[in-house]
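Trainee: Would you mind keeping the following structure in view while I ask a few things?
The values are calculated or read from the model by the stated rules, or taken from the named source; none is laboratory data. Quantities reported herein were computed from a predicted structural model and do not represent experimental measurements. Glycine also receives a Cβ, built like all others from the backbone with ideal geometry; neighbour counts cover every protein chain displayed. With ligands, DNA and RNA removed, areas are computed over all heavy atoms of the protein, side chains included. Shrake-Rupley method; radii C 1.70, N 1.55, O 1.52, S 1.80 Å.
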Amino acid sequence: MFDEPWESRAFGIAVALHDAGVVDFETFRARLIEEIGAWQAEHDPAASGYRYYERWLAALERTLLDEKLVDPSQVEAARAVLQREWAHDHDRRAAGPREPDG
């Protein structure tokens with residue numbers, strides 16, 4: 001169901017916010033549909049690169065911002081941290097497995 005760990009986290013956050021009564025699911029769903037439509041309008045349907053949970057995360061961010069549940073600076077700070085972690089993780093994977101010491 002999830003290709004990357006962050007996808008399950010994004011899913012879980014949206015569900016938890018809904019369960020806590022913080023985010024209205026229909027509002028979130030409408031934004032998700034808009035995000036998917038916007039991506040499809042900008043890309044060739046035959047092209048690769050579509051990732052459902054990227055659209056999910058974009059819809060979640062938009063919902064949190066539009067409902068003023070988070071400050072834009074908080075989203076940007078979190079995005080910067082995640083991008084650094086993602087780059088670090090991919091740099092490690094590209095280097096291959098490490099040899100044990102000794």
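Trainee: Of (1) farther than 24 Å from residue 86 by Cα; (2) part of a helix (DSSP H, G or I), residue 23 satisfies all except one. Which?
Mentor: That leaves (2) as the condition not met.
Trainee: Mind listing whichever residues of region 56-89 are more than 17 Å from the chain's Cα centre (by Cα) and modelled with pLDDT under 75?
Mentor: Correct list: 88 only.
Trainee: Taking only region 39-63 into account, find how many residues are open to solvent by 30 Å² or more (accessible area, probe 1.4 Å), part of a helix (DSSP H, G or I) and under 23 Å from residue 9 (Cβ atoms).
Mentor: 7
Trainee: Which one of these does residue 3 not meet: (1) free of Cβ contacts under 8 Å to residues at least 40 places away in the same chain; (2) charged (D, E, K, R); (3) part of a loop (DSSP other than H, G, I, E, B)?
Mentor: (1)
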